[in-house]
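The values are calculated or read from the model by the stated rules, or taken from the named source; none is laboratory data. Just so we're clear, the structure is a prediction, and the values are computed from it rather than from any experiment. So basically every Cβ, Gly included, is an ideal-geometry build from the backbone, and we count neighbours across all protein chains shown. Heads up: the accessible areas ignore ligands, DNA and RNA and are worked out on the full protein's heavy atoms, side chains in. Shrake-Rupley method; radii C 1.70, N 1.55, O 1.52, S 1.80 Å.
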Amino acid sequence: MHSSDQQGTRFQRKPRLSVPQKRVLLGGGLLLATALMWPSPEVTTGQRIALPLVLTSAVNPGLTGQDAIEALAPKPDFTATISAGDTLSQLFERAGVDQQTMYQVLEADLTVLALDTLQPGNTLRFYMDDNHQLTRLELDFSLARQVVFTLVDGSYDVEEIHKQGQWQPKSVSGDIYGSFYVSASKAGLSASQIQRVESILKEKVNFSRDLQAGDRFSVVVSEQYIDGDASGASEILAVDIVNRGKSINAYQFSDGQYYDAKGESLARAFLRTPLVKSYRLSSHFNGNRRHPVTGRLAPHNGTDFATPTGTQVIAPGDGIVSLVTDHRFAGKYIVIDHGNQYRTRYLHLSKSLVRKGQRVTRGQPIALTGNTGRTTGPHLHYEFHINGRAVNAMKAKIPMASRLTKSQMGSFQAMVSQRDLQMGV
Ligand SMILES: [Zn+2]
């Protein structure tokens, strides 16, 4: 994928449909006001203002800011909110988009594989031109994440947009009576935040056995807001549980990983590659790769290993299999969620050795490599994602060390003191 800076830039560019319209709207609003005060026909001459803009302002003077912009944005020709059981072909068919176009979109999606991760509640918006050709397809995964396909010169470009928004920390604490889940939920943590806390501390405490009535917990959580609305994304910054008088804690450091107050890592280390032996790298990660012929941006979001078909793939870290599927271009592929912010993906496999929902441990065989989907030969395409973004698995800072270095401890301890204050511990 792209670096976060690029994402930021891309996002700035993203509302290119609406920003110029906003200017027009403001101009239009001003003009309307002027027109009301001085109803002269000259006022509307010499400026290109689309009539519907003025009408919208006139008909609904209560519309302001974002609402007005949304009211003015081009209307999709077909909008669908995913329900359980929907298939992609059905959705495209309902939108009136032919199968060949769907395959073109799927092909563009090879670098993101967004269509395979649509969930009930996600929204798709189809835009067509006068010839009923799909010109733009928007997938809304959340307020903070959108994937957009755009028709350019007869095929589709894909763009993944992450909105940064504002992150606001909040402190939540309480006493444990009944399960941790019930107590934390009463105190105001969401289900996903509670699961995250349990996942961060899973090596330190058994939440179903070790906790007892009267134990106390404190959490600092940072929540994302997009234009004032909670996006649902959040991060646990610190957690402290006083269990039978003893403090069990975790703090997120600037590297994104969790450590206890002494600077010991809480995540089990990852293996750098998901293979037992080393193989030649036949293609490196390159987030800015361009297609040699078309010049189109065609990022290579993974690392390719020249593995003969049938080579065993092992889980590089503990996790849960979140997807096993077949894709026209990615071939047979598997996705593993490793808790916290890590996810790995394995493409072009010949065989999966695991099922969706299965728990896997580091070093466990999960698949055999192959040559499925669109390939130029047998290989393993391996992706490592941090917080939903593909990174170079061969270079990224992934949890491989067990503790912070002496030089990191100074800033770490300063952060720990600040978090303890926020948690009141
Ligand atoms: Zn590859």
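For region 139-232, the dipole from Cβ point charges (+1 on Lys and Arg, -1 on Asp and Glu) about the Cα centre works out to 620 debye, to the nearest 20.
Counted over all Cα-Cα pairs of region 342-425, pairs farther apart than 20 Å make up 59 percent. At a probe radius of 1.4 angstrom, the accessible area of region 336-425 per residue rounds to 50 square angstrom.
Here is the tail figure for region 256-370: Cα pairs spaced more than 23 Å apart come to 37 percent of all pairs.
Entry comment: accessible area of region 78-232 is 48 Å² per residue, from protein heavy atoms only and a probe of 1.4 Å. Note on residue 268 and residue 213: their simple-model spin labels are 3.5 nm apart, each label 7 Å out from Cα toward Cβ. Look at the alpha carbon pairs under 8 Å that are at least 6 residues apart: their mean separation over the length of region 299-411 gives a relative contact order of 32 percent. Across the cross-link table entries 204/406; 170/262; 277/406, which are compared at the Cα atoms, the separations over 27 Å belong to 277/406.
Considering only 320, 265, 300, the residue lying farthest towards the positive end of the dipole of region 264-327 is 300, judged by Cα position with unit charges set on Cβ. For region 112-211, the share of accessible area belonging to carbon and sulfur comes to 44 percent (1.4 Å probe, ligands and nucleic acids excluded).
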